[in-house]
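Asks: Handing you a structure now.
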Amino acid sequence: MRRIGKITRRGFAVAALGVASSALWTPGAAASTPGGAAETAGRRREPGGGNSHRPEFRGMWLATVANRDWPSKPGLTAAQQQAELTAYLDKAAAAKLNAVLFQVRPTADAFWPSPHEPWSQYLTGVQGRDPGWDPLGFALQEAHERGLELHAWFNPYRIANHADPSKLIATHPARLHPDWVLSYGGKLYYNPGLPEVRAFVLDAIMDAVRRYPVDGVHFDDYFYPYPVAGQTLNDDAAYARYGAGFPDRASWRRDNIDRLVRELGERVRATRRTARFGVSPFAVWRNKATDPTGSDTRAGVQTYDDLYADTRKWVRQGWIDYIVPQVYWNIGFAAADYAKLVPWWAQTVDGTRVHLYIGEALYKAGDPAQPAPWQDPVELSRHLTFDDRYRQVRGNVYFSAKEVATDPTGSMARVVADHYPSRVRPPR
């Protein structure tokens, strides 16, 4: 999802279009067709302050993978790490946000004392080394003191951003169970097709859910890995063993991911009634040219076909509580227009209990490599103004904490000035 060295999940937002476009609190429907009554039946807020106390989700992702946001580098003292973390939480509160999506399991590791997986190397620089404090517990307490929800963000299958198992500590589950591991695109992943892998991933996640009063459990867009040209994901043995009864490998892979999502949602609700489960997928489920029910886009990657993540089904089945499509393109972008994707998602959630929040590419604002609209500090504010047409849109989430804090072009300040006159509660 996020920056990993020079590669980012967000970077996929461009690459995946390839063929088409070379006051504190305790955290804790109309017609749906685009262009129809959903646009005019009522706004979720009026820009500049109308209906300013209506609950809406205002979040930011706080990424830890490769030290993207926090800690700024591995090996800082506990006091230094805590100071950096609280500074980010202060920035979120100052921007009148109400939720932080905190990455606590970026690469089959942990930002809490997990009995299942090693301490993250992004804390100390050495995988498995105890940092001497509990980041998840600390973050929860500090977030709640500032009136912020804290959603624990987990990556289910990524083991490492390299392909050498010997670099993992000897007690790492991937070393103890090499048959669980797939190497693809220069990285290591757990094999989603193995029931024992799914059971392990669920247990690792649920350890945090049971032990901490998290307000939410969050996945990003990584399920099966993004396609790498010229490479094949070799899950032949798992498919031969478990694929009987499916019309093809793609259907079997989608079922593997469906099971993970459905079972995690069930376990979260059974374990911690107040916690919500959400996913932030790549925004294109399928292109209309592939499926008439898809969006009017021309993306080179489609979550249904390439990541084997049937995000539309998860909404329709109510397996998740909220969805945050990463609509990381400007209004008018030809291959994936923000103004076409938001209505599609509004229609998708309509009639369900699933909340829709829109993922915003704050990191693109002012980036000289991005199209001209991103050089205008008002672009993101325009997104929220557009979202006001759709009652189904109940908030926005910004990638990521570093840009919320530094706001180099003033884009976040403009959003706050135009749309966040006061703090509000998240919707429940």
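The values are calculated or read from the model by the stated rules, or taken from the named source; none is laboratory data. The structure presented is a predicted model; accordingly, all values stated were derived computationally and were not measured. Note that each Cβ is placed from the backbone with ideal geometry, even for glycine, and that neighbours are counted across all protein chains shown. Heavy atoms of the whole protein, side chains included, go into the accessibility calculation; ligands, DNA and RNA do not. Shrake-Rupley method; radii C 1.70, N 1.55, O 1.52, S 1.80 Å.
Asks: Quick check on my filter: what residues within segment 153-184 are surrounded by fewer than 18 Cβ atoms within 10 Å (Cβ to Cβ) and assigned to a loop (DSSP other than H, G, I, E, B)?
Replies: N161, H162, A163, D164, I169, A170, T171, H177
Asks: So which pairs qualify, if the first residue must be in segment 389-415 and closer than 23 Å to W344 by Cα and open to solvent by less than 30 Å² (accessible area, probe 1.4 Å), the second must be among the hydroxyl-bearing types (S, T, Y) and modelled with pLDDT under 95, the Cβ gap must be under 8 Å, and the two must be at least 6 apart or on different chains?
Replies: Q392/S32
Asks: Pick from A336, A365: which is at pLDDT 95 or above and within 21 Å of P292 (Cα to Cα)?
Replies: A336
Asks: Further question: Filter segment 185-207 down to the residues that are in a helix (DSSP H, G or I) and crowded, with 21+ Cβ neighbours inside 10 Å and list them by number.
Replies: V197, R198, V201, I205
Asks: For segment 59-71, name all the residues that are out of contact with any helix residue (DSSP H, G or I) (no Cβ under 6 Å at 6 or more places or on another chain) and more than 24 Å from H355 (Cβ to Cβ).
Replies: Once the filter is applied, which keeps residues that are out of contact with any helix residue (DSSP H, G or I) (no Cβ under 6 Å at 6 or more places or on another chain) and more than 24 Å from H355 (Cβ to Cβ), segment 59-71 yields V65, A66, R68.
Asks: Now for a separate question. Tell me which residues, restricted to segment 334-355, are open to solvent by 10 Å² or more (accessible area, probe 1.4 Å) and out of contact with any Asp or Glu (no Cβ under 9 Å at 6 or more places or on another chain).
Replies: A334, A339, Q347, D350, G351, T352
Asks: Here's another thing I want to ask about it. Pairs needed: first member in segment 140-153, under 20 Å from G278 (Cβ atoms); second member anywhere, of a type in the set (S, T, N, Q) and in a strand (DSSP E or B); C-beta distance under 9 Å; at least 6 residues apart or different chains.
Replies: Note: pairs meeting the criteria are A152/Q103; W153/Q103.
Asks: Would you mind finding the one in I358, I331, I323 that is within 23 Å of V416 (Cα to Cα), of a type outside the set (F, W, Y) and open to solvent by 20 Å² or more (accessible area, probe 1.4 Å)?
Replies: The unique qualifying residue is I331.
Asks: How many residues does segment 253-302 hold that are within 18 Å of P343 (Cα to Cα) and buried (at least 23 other Cβ atoms within 10 Å of the Cβ)?
Replies: 9
Asks: Answer with yes or no whether D248 is of a type outside the set (V, I, T) and farther than 19 Å from H151 by Cβ.
Replies: Against the criterion (of a type outside the set (V, I, T) and farther than 19 Å from H151 by Cβ), D248 qualifies.
Asks: Moving on to the next point. I'd like the full set of residues that are among the β-branched types (V, I, T) and in a loop (DSSP other than H, G, I, E, B), limited to segment 276-291.
Replies: The answer is V284, T290.
Asks: So which helices (runs of 4 or more DSSP H) are wholly in segment 292-387 and hold at least 1 residues that are within 30 Å of R259 (Cα to Cα) and more than 20 Å from the chain's Cα centre (by Cα)?
Replies: In segment 292-387, 338-349 are the helices (runs of 4 or more DSSP H) which contain 1 or more residues that are within 30 Å of R259 (Cα to Cα) and more than 20 Å from the chain's Cα centre (by Cα).
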